[in-house]
Amino acid sequence: MILRNVYWLLVFLISLVFTLMNQRNTYGRKDNLLSLSDLLDNRKQRILNTIRNSEELRGGAIEQLEKAKARLRKVEIEADQFRVNGYSEIEREKLNLVNSTYKTLEQLENYKNETIQFEQQRAINQVRQRIFHPVWVKK
């Protein structure tokens, strides 16, 4: 981009030189050469200033690009950490759920066994009452 601009500036300068050389001025040839020299110096300074400004802008753009790359790397690392932590959290929750389910099943099995024992004991007690304490007492 800068080289293209410099190329067109040089083309412009060359055309300017030819234009000034072909013009006839009442002040004479010496004045034409001085004014041409001044014009060329001014143009040269503007070109150099443009190049300097372009280099400064380029440096600023490179610095911004590096900062953006650093921020991107940081965000990618954080995203990976969230992803890993998320997977770990999911695995922990899954394990907790499985363990909780096993404990619940164990408790239900215990309640079932206790209920069976209770009902068996109740049936035995009812049979005992009927055998030892008949409902119809014979007199």
(Q) Taking 0.36 nm per residue of sequence separation and subtracting the Cα-Cα distance, how much length would be gained by fully extending the chain between Glu55 and Lys103, in nm to one decimal? (A) 10.2 nm
Q) For the pair Ile124 and Lys67, how long in nm is the line joining their label points, each one 7 Å along Cα→Cβ? A) 8.5
Q) If we count every other residue with Cβ under 12 angstrom of Gln45's Cβ, Lys/Arg +1 and Asp/Glu -1, where does the sum land? A) +2
Q) With each label point set 7 Å from Cα along the Cα-Cβ vector, what nm distance links Glu114 and Arg43? A) 10.4
Q. How much length is gained if the chain between Lys74 and Leu95 is pulled fully straight, taking 0.36 nm per residue apart and subtracting their Cα-Cα distance, in nm to one decimal?
A. 4.4 nm
Q: Taking the Cα centre of segment 45-139 as origin, work out the dipole magnitude from +1 charges on Lys and Arg Cβ and -1 charges on Asp and Glu Cβ, in debye rounded to 20.
A: 680
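Every number here is computed from the coordinates shown, using simple stated rules; none is lab data. Here the structure is a predicted model, which means the values were calculated and not measured. Backbone-built Cβ (ideal geometry, glycine too); neighbour counts: all protein chains shown.
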